[in-house]
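Peer 1: Here it is, the structure, as structure tokens.
The values are calculated or read from the model by the stated rules, or taken from the named source; none is laboratory data. A quick note: this is a predicted structure, and the numbers were derived from the prediction, not measured. Positions of Cβ are backbone-derived with ideal geometry, glycine not excepted, and every protein chain shown enters the neighbour counts.
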Amino acid sequence: MSKQDALRWNSRYKNEPYYIQGHQLPCSLLLENINLLPKDGFILDIAMGAGRNAVFLHQKGFSVIGIDVAFEAIVHSKINAPDLRVFVADLTEYYLSTTKFFSVILNFYYLNRNLISEFARLLKPGGLVFFETLTMPIRSIKPEISEEYLLDEGELPRIFEAWEILYYREGWVDGNNGKKKSIASLIARLPR
Ligand SMILES: C[S@@+](CC[C@H](N)C(=O)[O-])C[C@H]1O[C@@H](n2cnc3c(N)ncnc32)[C@H](O)[C@@H]1O
């Protein structure tokens with residue numbers, strides 16, 4: 001990601017109310033499966049945005065660490081959760097050195113295939129990944145989204161084929177802007 005992309009995301013959070021107001025509620029994949037989260041250990045929310053998931057879990061008493069490249073998004077998360085642990089970093093360049101540290105990784109609406117290959121190192125054995133993001137069919141209605149940021153059909157379970165897949169779904173759903181979106185959602189457990 002170039003510096004320009006960071007500027008673009010900061011500008012969105014600052015000037016386009018949808019990026020904050022349209023993302024207030026936690027993702028349903030998380031809400032509906034919150035019982036899977038261990039009570040102890042750290043949850044890493046990568047590209048956390050304004051913190052709809054991180055703030056929600058923090059308020060529920062979980063220990064969450066959030067990362068995002070957009071300072072404007074991080075600032076917003078601190079309004080709702082002043083003592084949430086957050087930091088600004090470009091995840092295409094930043095090296096997370098904490099091996100076997102996290103109990104859970106949240107990856108919502110961000111796709112960085114190089115980083116996914118680090119998940120098994122970052123997680124403790126038996127750790128969980130919650131993953132949800134847009135898939136290629138979205139280009140039929142939003143051709144401007146670069147293929148680089150979209151999952152191919154069936155890609156997510158292929159990436160996690162060596163893991164225990166606890167949940168997987170792929171297809172069209174209603175988005176929070178009232179429009180349909182094509183997504184893949186997965187929960188997987190790292191083998192012990
Ligand atoms: C569509 S938003 C999703 C935010 C959040 N995960 C959610 O679901 O509400 C994508 C997020 O990825 C962040 N992002 C994009 N590129 C990034 C990078 N290289 N490093 C860290 N964060 C990045 C953006 O700032 C933005 O907050």
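Peer 1: Test each condition in (1) within 10 Å of the ligand (Cβ to nearest atom); (2) part of a loop (DSSP other than H, G, I, E, B); (3) surrounded by fewer than 20 Cβ atoms within 10 Å (Cβ to Cβ) for Pro38 and report the one that comes out false.
Peer 2: Result: Pro38 passes all but (1).
Peer 1: Only one of these is farther than 30 Å from Asn15 by Cα, of a type outside the set (Lys, Arg), more than 8 Å from the ligand (Cβ to nearest atom) and surrounded by 22 or more Cβ atoms within 10 Å (Cβ to Cβ): Leu128, Leu122. Name it. Can you show your working first?
Peer 2: On the way: Leu122 fails: surrounded by 22 or more Cβ atoms within 10 Å (Cβ to Cβ).
None of the others qualify; the one that does is Leu128.
Peer 1: Mind listing just one residue for me: the one in the range 13-39 that is at pLDDT below 95 and touching an Asp or Glu at 6+ places or on another chain (Cβ under 6 Å) and, of those, nearest to Ala188 (Cα to Cα)?
Peer 2: Tyr13
Peer 1: Still on this structure, please answer the following. Which one of Ile65, Ile79 is of a type in the set (A, V, I, L, M), over 11 Å from the mean Cα position of the chain (by Cα) and assigned to a helix (DSSP H, G or I)? Don't jump to the end; show me each part of the working.
Peer 2: On the way: Ile65 fails: assigned to a helix (DSSP H, G or I).
Being of a type in the set (A, V, I, L, M), over 11 Å from the mean Cα position of the chain (by Cα) and assigned to a helix (DSSP H, G or I) holds for just one of Ile65, Ile79, which is Ile79.
Peer 1: Right, next: Regarding the range 156-168, can at least one residue be identified that is within 22 Å of Gly49 (Cα to Cα), crowded, with 17+ Cβ neighbours inside 10 Å and not basic (Lys, Arg)? Walk me through how you get there before you give the answer.
Peer 2: First pass over the range 156-168, keeping only residues within 22 Å of Gly49 (Cα to Cα): 156.
Keeping just the survivors that are crowded, with 17+ Cβ neighbours inside 10 Å gives 156.
In the following step, the residues that additionally are not basic (Lys, Arg) were identified as 156.
Within the range 156-168 (the criterion being within 22 Å of Gly49 (Cα to Cα), crowded, with 17+ Cβ neighbours inside 10 Å and not basic (Lys, Arg)), the answer is yes, since at least one residue qualifies.
Peer 1: Just to verify a result, which residue in the range 95-114, among those that are part of a strand (DSSP E or B) and not aromatic (Phe, Trp, Tyr), is farthest from Pro26 (Cα to Cα)?
Peer 2: The first filter runs over the range 95-114 and keeps only residues part of a strand (DSSP E or B), leaving 102-108.
Okay, now just the ones that are also not aromatic (Phe, Trp, Tyr), so 103-107.
Numbers: Ser103: 19, Val104: 16, Ile105: 15, Leu106: 12, Asn107: 13 Å.
Result: Ser103.
Peer 1: Further question on the same structure: Could you check the range 41-77 and list, in sequence order, the residues that are within 12 Å of the ligand (Cβ to nearest atom) and polar (S, T, N, Q)?
Peer 2: Scanning the range 41-77 gives Asn53, Ser77.
Peer 1: Assuming Thr98 fulfils every condition listed in (1) surrounded by 15 or more Cβ atoms within 10 Å (Cβ to Cβ); (2) closer than 15 Å to Asp45 by Cα; (3) away from the ligand (no atom under 12 Å from the Cβ); (4) of a type in the set (S, T, N, Q) apart from one, which condition is it?
Peer 2: (1)
Peer 1: A further question on this structure: In this structure, is Thr92 in a strand (DSSP E or B) and either near the ligand (Cβ under 9 Å from one of its atoms) or in contact (Cβ under 8 Å) with a residue 24 or more places away in the chain (or both)?
Peer 2: On the way: in a strand (DSSP E or B): no; either near the ligand (Cβ under 9 Å from one of its atoms) or in contact (Cβ under 8 Å) with a residue 24 or more places away in the chain (or both): yes.
No, not satisfied.
Conditions tested, residue by residue: (1) of a type in the set (Phe, Trp, Tyr); (2) more than 26 Å from Leu190 (Cα to Cα); (3) surrounded by fewer than 20 Cβ atoms within 10 Å (Cβ to Cβ).
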site	(1), (2), (3)
Val64	no, no, no
Ile67	no, no, no
Ile74	no, yes, no
Asp90	no, no, yes
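Peer 1: Out of Asn10, Asn80, which single residue is of a type in the set (S, T, N, Q), at pLDDT below 95, within 10 Å of the ligand (Cβ to nearest atom) and in contact with a helix residue (DSSP H, G or I) (Cβ under 9 Å, 6 or more places away or on another chain)?
Peer 2: Answer to the selection: Asn10.
Peer 1: Residues being touching a residue at least 24 places away in the same chain (Cβ under 8 Å), in a loop (DSSP other than H, G, I, E, B) and more than 12 Å from the ligand (Cβ to nearest atom): count how many of those fall in the range 13-35.
Peer 2: The number of residues fulfilling the criteria is 1.
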